[in-house]
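J.: One structure, pasted below without further comment.
Derivation of every value follows stated rules applied to the coordinates shown; laboratory data play no part. In this text the structure is predicted, and so the values were computed from the model without any measurement. No Cβ is skipped: glycine too gets one built from the backbone with ideal geometry, and neighbour counts run over all protein chains shown.
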Amino acid sequence: MYSNNIINEKDFQYVAIKEGEKQNVVEYGDVLFTLSSETPEEVGIGAVYLGNENVYLNSFCFGIHIINTKIAFPPYLSYYVSSTPFRKFIYPYAQGSTRFNLCKVDFEKASIKLPSLENQKRIYSILSHIESKTETEKSLLDLYNSQKQYLLRQMFI
């Protein structure tokens, strides 16, 4: 969750669930948050599950299931939960002095304003294209750096 704002099938680990053990199932579109951290800035780091396998939530996180998909577009939420306005919104819910915890009860009562579903889809499309372009440019930069290193080695033979 700290490294990705989208969780899919390749991002989770397997655990053994004992018979009779109750676990919370994570479904497509669920928004997951970290519960605790050493700094208040890292409490409530969010990610959205966009996979289709049955997975379970660990005890270090909690999730919000999006019931009404007519008001929230889960891929958009993956960007929204890592945005500066949302981070500023969630910051007051971090409580503690040496270890900070998200006050889940207060957070669950809060209301979050979202753009219209159409605008969420439009924003997601733009942001995902920018992210894709950035990844392409990073790959290209790595190739140029490799080429540069090769050419420099050839100069000093």
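J.: Can you give the local net charge around L114? Use residues other than it whose beta-carbon is closer than 14 angstrom to its beta-carbon, Lys and Arg +1, Asp and Glu -1.
T.: Net charge in that neighbourhood comes out at +3.
J.: Still on this model: Can you order the peptides 23-34, 110-121 by their average number of other Cβ atoms within 10 Å per residue, highest first?
T.: My ranking of the peptides, most packed first, is 23-34, 110-121.
J.: Where does each of 46-55, 138-147, 97-106 land if you order them by average Cβ count within 10 Å, highest first?
T.: Top to bottom by mean Cβ count within 10 Å: 46-55, 97-106, 138-147.
J.: I would also like to ask the following. May I ask for the angle, rounded to the nearest 10°, between helix 117-155 and the longest principal axis of the chain, with both axes built from Cα atoms and the value confined to 0 to 90°?
T.: Value to nearest ten degrees: 30.
J.: Next question, about the same structure. Do any of K70/K133; K88/K109; K88/K113 go past 19 Å between their Cα atoms, and which?
T.: Cα-Cα > 19 Å for K70/K133; rest within.
J.: Report the relative contact order of the chain, percent, no decimals, based on alpha-carbon pairs under 8 angstrom and at least 6 residues apart.
T.: 22
J.: Where Lys and Arg each count +1 and Asp and Glu each count -1, what net charge lies around Y124 among other residues with Cβ under 12 Å from its Cβ?
T.: Once all neighbours under 12 Å are counted, the net charge is 0.
J.: Taking amide H positions as placed 1.01 Å from N in the peptide plane, with prolines and chain starts having none, which residues 5 or more places from Y56, or on another chain, fall under 5 Å of its amide H?
T.: V26
J.: Okay, next question. Take every DSSP beta bridge whose two residues both sit in region 6-112, then give the antiparallel share in percent to the nearest 5.
T.: 85
J.: Please work out whether region 6-112 counts as rounded, prolate or oblate from its C-alpha gyration tensor, where a ≥ b ≥ c are the square roots of the eigenvalues and a/c under 1.5 means rounded, while otherwise a/b larger than b/c means prolate and anything else oblate?
T.: The shape class here is oblate.
J.: Please report the spacing between the Cα centers of region 6-76 and region 96-139 in Å, no decimals.
T.: That distance is 14 Å.
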